[in-house]
């Protein structure tokens, strides 16, 4: 009887510990969306001192002196600090396209943090003339065609990695940013 009681008690304690850990992780989990149109603009500066002003709900996609600059306004609707880690950009194919494999992402050259309930930005640049993505991006810029960006980020401890897909779509002279999908990297997805 004592063995059964000990087993039941241990099992209950383990379950309670898992519930507590899940609750703690939810309190640290960031979730990035495209910023809203009414959000204030963000000043974005790249390491070569090129800068752009990213308006709320919008993005930047421009080619200047052989460098392709990309940026998008973001908002963290999650409970934890978002730390952006890497990105992958590609011409629009289909919303059902699976997420970019983690080993194909480009690392950011600096840490970008977005506090819970706050807004910020993502930025990237392609400087190498032989970059395999350059031609497709140059064509997309010239044709003003839709682009997709997969963003890889996590919480401030480097865990709970998530990929969020942001679509960049031209409407007249405005490049609108909209979030379309999210994937969990280190745990199962909820759907």
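Read-outs: derived from the displayed coordinates by stated rules, not from any lab. For clarity, every value in this text was computed on a predicted model and none was experimentally measured. Glycine also receives a Cβ, built like all others from the backbone with ideal geometry; neighbour counts cover every protein chain displayed.
Neighbour counts of other C-beta atoms within 10 Å: give me 148, 95 arranged from fewest to most. Let's see the in-between values first.
Values: 148 21, 95 10.
The order, fewest Cβ neighbours first, is 95, 148.
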| 222 nm [θ] for the chain, helices only, -39500 (n - 2.57) per DSSP H run of 4+, per residue, to 500? | -6500 deg cm²/dmol
| said: Could you identify which residue out of 32, 112, 74 has the top mean-square fluctuation in a GNM of the chain using Cα springs shorter than 10 Å? | reply: 112
| remark: Scoring the range 30-184 by relative contact order with C-alpha pairs under 8 Å, at least six apart, yields a percentage of 27 percent
| said: Among [x] 28.1; [y] 12.9; [z] 26.9, only one was calculated for this model; which label is it, if the read-out is mean projected area of the Cα convex hull in nm²? | reply: [y]
| Once both axes come from the Cα atoms, what is the angle between helix 2-28 and the longest principal axis of the chain, in degrees from 0 to 90, rounded to 10? | 20 degrees
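Can you put 42, 63, 157 in order of Cβ neighbours within 10 angstrom, beginning with the fewest? If you can, show how the numbers build up before the last one.
Values: 42 22, 63 14, 157 11.
By the 10 Å Cβ count, ascending: 157, 63, 42.
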| Degrees, to the nearest 10: 134-143 long Cα axis against longest axis of the chain | 70 degrees
| note | Most fluctuating of 78, 66, 120 in the GNM of the chain (C-alpha, under 10 Å) is 66
| Which residue, 60, 102, 81, has the most motion in a Gaussian network model of the chain that connects Cα atoms within less than 10 Å? | 102
